[in-house]
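Note sheet for the following structure.
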Amino acid sequence: MLRDRIGKELLIFDGAMGTQLQKAGLGAGDIPEELNIEQPELLKKIHKSYLEAGADFVTTNTFGCNCLKMAEAKYEAEEMLQAAVKNAKEARREAGREQDAYIALDIGPIGQLLEPMGTLTFDEAYEIIKKQIMAVKDQVDVVLFETMSDLYEVKAGVLAVKENTDLPVFVTMTFEENGRTLSGNDPETFVNVAEGLGVDALGVNCSLGPKELKPIISRILNEASVPVILQPNAGLPCLEHGETHYHVTPEEYVEEMKGYMEEGAAIAGGCCGTTPEFIRQLAQAAPKMTAPRAVKKKTKTSGPTQTVVFGDKVIVCGERLNPTGKKKMKQALLDERYEELVVEAIRQEEAGAQVLDVNVGLPGIDEPETMKKVIKMLQEVVTVPLQIDSSSPEAIEKACRYYNGKPIINSVNGKDEVMDAVFPIVRKYGGVVIGLTLDEGIPLKAEERFEIAKKIIKKAEEYGIGKEDIIIDCLTLTASAQQKEVKETLRAMKMVKELGVHTVLGVSNVSFGLPNRPLLNRTFLTLAMEAGLDLPIINPLDKELMGTIDAFHVLFYKDIDSQIYIRNQSRETIKKEPSEKTSFGLRDVIMHGLKDEVEAAVREKLSQKEPLAVINEEIIPALDDVGKDYETGKIFLPQLIQSAETTKMAFEIIKGSFALKEGEEKGPVLMATVEGDIHDIGKNIVKVVLESYGYRVIDLGKDVKIEDVVEANRKYHPKAIGLSALMTTTVASMERTIQALRADGCQVPVWVGGAVLTADIAQDIGADYYTEDAMASVNLLEKILK
Amino acid sequence: MIKKAALRYLGYGSQKASQQVEILLDECIEEIKQTAQPKAAAALFHLDHEPLCIHETGDLIPGKQMEELLADCEKCLLTGGTLGTAMERKIKMYEKVNMTKAVVMDAAASAYLEVFCDEYEENLGFPDRTYRACPGYGDFPIEFNKKIAKILDVSKKLGISMTESGLMIPQKSMLGVVGIGNTGRKKNCRDCVREKDCPFRKRGERCYEIE
């Protein structure tokens, strides 16, 4: 069995396929997979040459053999997959290696970028890969994902293997010289996420030569608990007169690889530029057994491009993505205005949060679906790891499936039924799980909480979840209600730390019902950190609280030479107090886009005038002046937007102090960048400027499916619909969207804009209006929605 | 250079930007340097004429302007460049919390990509070459992007993915064709494919000084 051999015996993979095919006459732009059917003898010959050189694996010639990439091929992807496996099997038989060599189904990147950057959804990626696997799964010994550059795609792939077969799965990613993949994943994040998903071996291929890969290989060997596979290129690719060449000789290649095998690499082979001669020399030089590696188990959570390691320092988890006690966020969730959560997330990240708790639990909403949507939106712009906070196993599972990384899962407790529901999810997708030390209620004594912690750890082990993937929450009690027990939490935490696990606490619970809560919070935080708290869940926008952590790190010799403290705190002391008064009037503040001064200016006006008068007599005239200046070329786009954003802030302050009556808010208007188009900065500019004029804009985003626009029109009853498209190719999709709206009986005026559009085209595709830019959109709506 | 181009993309012609915008632009360029992962690739091909096509792959290069541009060239380079996904993420992030900065950064990143691709091209060792022509300009159809993407294998090499409609992701990416040979066609406004319908020139601005 292959699984019995990997990690023990040192196994040899084959070398480059493309290089061999190019030698045999494959041209640029040709489809190598077609040769599986057209030239089986050539393929068999190449496979055999590697087997005879000493390779233990035959990699099928199926790198790009998915239905998307093969759309223009002469044959169906399935046919080419089956032919490829047949060639590999026959080669293995002819080489007399049926007993000890393995067929690896080769799967390269799909070739389309996944959401959120790209347009391919996670589910679509999963289905594409699943098709490849299902075509040949009974005839191969292992699935190899190679040259991967997007960890999210790796996740879709590994799940597609695991949910449909029992085959072992190997994953290699390709890294750039800056130590990251093209999607920004670093080696530690790759290892953490792939191990969490339960891959059988992982490593690096392609990228660079074995020498240049040294820093990346070392990082992988240091982190990976599973066997490591290495398949570098034959050196750096050199472009000579337009052609790619590799200059490393087999001897040089093997010399470098020997070092890695001594350090514990378990599987070695080659990528671009390597030949059977490389593999022959590699097999000869390789030791029979894999050298042992000692890898320290660590608690690690990962976002898409970065990993947070628990250890010496306190890690801040931002608490603010949680509707509990937050009226505004509750309403945003109910109205599906998830953008507001995204903004809150960015603010917390900028303030120094290293992990963000995400809780969308509200009565009356579909929590699993909402969780999925919010996680996807956060992933687009937030890079810190997320902590999935829910009591619903369905919501946790959805979040874990669509999350790009290895999340923290908040939480299980000492109840068996809760652990039995959540631990399988943690095991399947990979995650670090928080265990609350409560079962039927919160035990008062530290000893009882300690017992529950032990129970959780033991039960997790039964599910194959190690201690490093558990964080224990000893539960903060409220001083106003259970004053006597507050210090039991600290005592329990000290005991729990002895079990070798990390700890978490929601800090601000301590101060409910008492005045000057921040004082209690930071005092409790200080005591808790001393007692061993690793992950305080706090408000990172509270600078004093954050400063307390900086100070703690200095005093406990965790911030060597006080570097972080000095960086953060010297900035604090020189920062001037926010001015309560401004020397500018509101009109000037808006005209010049002085965001820092807008609050003071609005409050000053509100003390003199009615809110509506502030809007009509101050804001609107100022905006009109800005608009005129823009139209006459006195100011330009950045200033227009700056003024618009400032005005938007002014509106929010005014709304905060009184509710706009029916009819005082303009709109709503619906906006979308049409299906197939991902350039939405133009639409976003129009949106900001419209909002500054008091319009409520429902923004459907980019690449919006036609049916979603139709449905949104039914749901929101907008006064106008704005569509944007950048290219001639997506104007067609704009036309179809308008047709679908009209077919659905929508009578609302539709206005369109975008780089290639003109008034004539707008008319041709059935739009009511065309606007050239953001100001023109305002002028249009002011006119037609009067 | 980057600054000047960025300001032009933002609509500033001969007018001076306000100090506020200047400072913001400097800040953006600094952040772009920290964030972008510029990467480029190129490959050399022979050209066949009448009809104009890439000899090795047989792909037709459509458009009258390309015929004129490459009339005297026996070879061409296909090139691709990108600033990577981290740049994309950064601009998206600013679109959520600071649209002004997002707009300025978007323009600055476009300018940065342009300069990066110019430098890459300069160092490929072909002193005699035409300017870079990119699909989507003039009558060189945007669909040709897909051909270049496939031939250069940019999804693997550069992480550029093509949507069905022929758009590139990350957005700050470039694919182009450069003729090899001394044709006297340098980058300038007179020889530009958009000479007659250039939006900048309509506003009395120009991208290149005419030699």
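The values are calculated or read from the model by the stated rules, or taken from the named source; none is laboratory data. The structure displayed is predicted, hence computed values, not measured ones. As a convention, Cβ positions derive from the backbone with ideal geometry for all residues, glycine included, and neighbour counts pool all protein chains shown.
Before moving on, here are some points about what is shown:
- Matching residues in region A:57-94 - criterion: being part of a loop (DSSP other than H, G, I, E, B) and buried (at least 23 other Cβ atoms within 10 Å of the Cβ): A:60, A:61, A:62, A:64, A:65, A:66
- Taking residues in region A:99-118 that are over 19 Å from residue A:304 (Cα atoms), and partners anywhere that are aromatic (Phe, Trp, Tyr) and in a loop (DSSP other than H, G, I, E, B), the pairs with Cβ atoms closer than 9 Å and at least 6 places apart or on different chains are A:104/A:13; A:106/A:63; A:107/A:63; A:108/A:63.
- Residue count, region A:297-328 (criterion: more than 25 Å from residue A:376 (Cβ to Cβ) and in contact with an Asp or Glu (Cβ under 7 Å, 6 or more places away or on another chain)): 5
- Within the span defined as region B:77-87, one or more residues are under 30 Å from residue A:700 (Cβ atoms), within 16 Å of the chain's Cα centre (by Cα) and facing chain A (nearest Cβ under 8 Å).
- Checked against the criterion of being aliphatic (A, V, I, L, M) and surrounded by fewer than 22 Cβ atoms within 10 Å (Cβ to Cβ), the candidates B:108, B:71, B:133, B:102 yield just one match: B:71.
- Filtered residue count, region A:626-654, keeping only those that are under 22 Å from residue A:600 (Cβ atoms), facing chain B (nearest Cβ under 9 Å) and aliphatic (A, V, I, L, M): 2
- If the condition is being among the hydroxyl-bearing types (Ser, Thr, Tyr) and closer than 27 Å to residue B:164 by Cβ, then region A:73-122 contributes A:75, A:119, A:121.
- For region A:185-216, residues that are within 17 Å of the chain's Cα centre (by Cα) and surrounded by 24 or more Cβ atoms within 10 Å (Cβ to Cβ) total 9.
- Any hit, region A:297-305, residues being surrounded by fewer than 20 Cβ atoms within 10 Å (Cβ to Cβ), out of contact with any helix residue (DSSP H, G or I) (no Cβ under 9 Å at 6 or more places or on another chain) and farther than 16 Å from residue A:407 by Cβ: no
- In region A:103-113, residue nearest to the chain's Cα centre (by Cα) [restricted to those that are surrounded by 24 or more Cβ atoms within 10 Å (Cβ to Cβ) and at the interface with chain B (Cβ under 10 Å from one of its Cβ atoms)]: A:113
Every residue, every condition in (1) crowded, with 16+ Cβ neighbours inside 10 Å; (2) within 24 Å of the chain's Cα centre (by Cα); (3) over 30 Å from residue A:542 (Cβ atoms); (4) in the same structural domain as residue A:14 (by TED's automatic domain parsing), yes or no:
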site	(1), (2), (3), (4)
A:251	no, no, yes, yes
A:260	yes, no, yes, yes
A:264	yes, no, yes, yes
A:310	yes, yes, no, no
A:314	yes, yes, no, no
A:341	yes, yes, no, no
A:344	yes, yes, no, no
A:359	yes, yes, no, no
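- Contact map, region A:532-556: residues that are surrounded by fewer than 20 Cβ atoms within 10 Å (Cβ to Cβ) paired with residues that are small (Gly, Ala, Ser) and not in a loop (DSSP other than H, G, I, E, B), Cβ distance under 8 Å, separation 6+ or inter-chain. Pairs shown: A:539/A:318; A:539/A:508; A:554/A:562.
- Only residues that are of a type in the set (A, V, I, L, M) and either surrounded by fewer than 20 Cβ atoms within 10 Å (Cβ to Cβ) or more than 10 Å from residue A:670 (Cα to Cα) (or both) were counted across region A:699-711, and they come to 3.
- Meets criteria (closer than 24 Å to residue A:340 by Cα, within 14 Å of chain B (Cβ to nearest Cβ) and in contact with a helix residue (DSSP H, G or I) (Cβ under 8 Å, 6 or more places away or on another chain)) for residue A:709: no
- The numbered conditions (1) under 25 Å from residue A:648 (Cβ atoms); (2) touching a Pro at 6+ places or on another chain (Cβ under 9 Å) are all true for residue A:768 except (1).
- A search for C-beta distances below 7 Å between a residue of region A:641-654 that is in the same structural domain as residue A:588 (by TED's automatic domain parsing) and any residue that is of a type in the set (S, T, N, Q), counting only pairs 6+ apart in sequence or on different chains, returns A:641/B:100; A:642/B:100; A:644/A:692; A:645/B:100; A:647/A:692; A:648/A:692.
- Qualifying residue in region A:13-32 (condition: farther than 28 Å from residue A:261 by Cβ, more than 14 Å from every other protein chain (Cβ to nearest Cβ) and in contact with a helix residue (DSSP H, G or I) (Cβ under 8 Å, 6 or more places away or on another chain)): yes
- Only one of the listed residues (B:97, B:115) is over 27 Å from residue A:27 (Cα atoms), of a type in the set (Val, Ile, Thr) and over 14 Å from the mean Cα position of the chain (by Cα). That residue is B:97.
- Reported count of residues in region B:123-178, each being of a type in the set (Phe, Trp, Tyr) and within 11 Å of chain A (Cβ to nearest Cβ), is 1.
- Residue match in region A:747-768 (condition: within 14 Å of chain B (Cβ to nearest Cβ), more than 15 Å from residue A:706 (Cα to Cα) and more than 37 Å from the chain's Cα centre (by Cα)): yes
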